[in-house]
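Taken together, the values in this text are just the output of simple stated rules run on the coordinates, not laboratory data. Computed from a predicted model, the values in this text were never measured in an experiment. Neighbour counts run over all protein chains shown; Cβ positions are idealised from the backbone, glycine included.
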Amino acid sequence: MTMITFRRYQDKAIDDKREGKYMMKTLYGWLMMALILVVLTGCENRSTGNDDIHSVKDRYEAELMTIPGVVGVGIGQTDGKECMQVYVRQMTPELERAIPEEIEGYPVVVEATGPIVAPPGNSLQEQTGD
């Protein structure tokens with residue numbers, strides 16, 4: 001084998017090695033982009049289980065208030081733990097089935113209060129003069 005032929009094989013080996021590194025860098029770049037995309041799209045408004053009860057209440061209050069018979073939603077304590085409180089006009093079997101026992105790890109306590117109305121002289125219209 002002549003020196004020129006050996007040199008060609010050596011140059012080809014170096015070129016192949018460089019091309020392999022380039023392909024690995026490109027593959028690594030694409031994998032990193034895919035990972036970032038997965039992380040960013042997975043970080044929507046989902047609970048991590050560590051949300052404070054106020055943010056949990058804010059997320060579920062409107063939905064709970066659409067249940068017929070629910071007149072209010074609040075935050076309280078039960079057995080020394082924070083809980084969601086759902087106030088209903090009157091407890092019925094339908095409400096027992098419709099209201100969850102737990103929301104995002106917080107217990108839900110249902111309390112029958114009857115209708116909730118503002119006392120005379122305390123309505124928003126009377127305060128603002130509308």
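Please state the charge dipole magnitude for region 64-124, taken about the Cα centre, from unit charges on C-beta atoms (+1 on K and R, -1 on D and E), reported in debye and rounded to the nearest 20.
On the way: 3 positive and 8 negative charges, 56 e Å.
Computed about the Cα centre, the dipole is about 280 debye.
For VAL73, what residues show an amide H to amide H distance below 5 Å, using hydrogens built from the backbone and excluding near sequence neighbours?
Hits under the 5 Å cutoff: TYR87.
What length, rounded to one decimal in nm, is gained on full extension from MET65 through to ALA112, with 0.36 nm per residue of separation minus their alpha-carbon distance? Numbers along the way, then the final one.
Numbers: separation 47, 0.36 × 47 = 16.92 nm, distance 1.43 nm.
Gain in length upon complete extension: 15.5 nm.
Check TYR106: other-chain or 5+ apart residues with amide H under 5 Å from its amide H, H built from backbone geometry?
none
How much length is gained on full extension from ASP51 to GLU101, taking 0.36 nm per residue of separation minus their Cα-Cα distance?
Full-extension gain reported as 16.2 nm.
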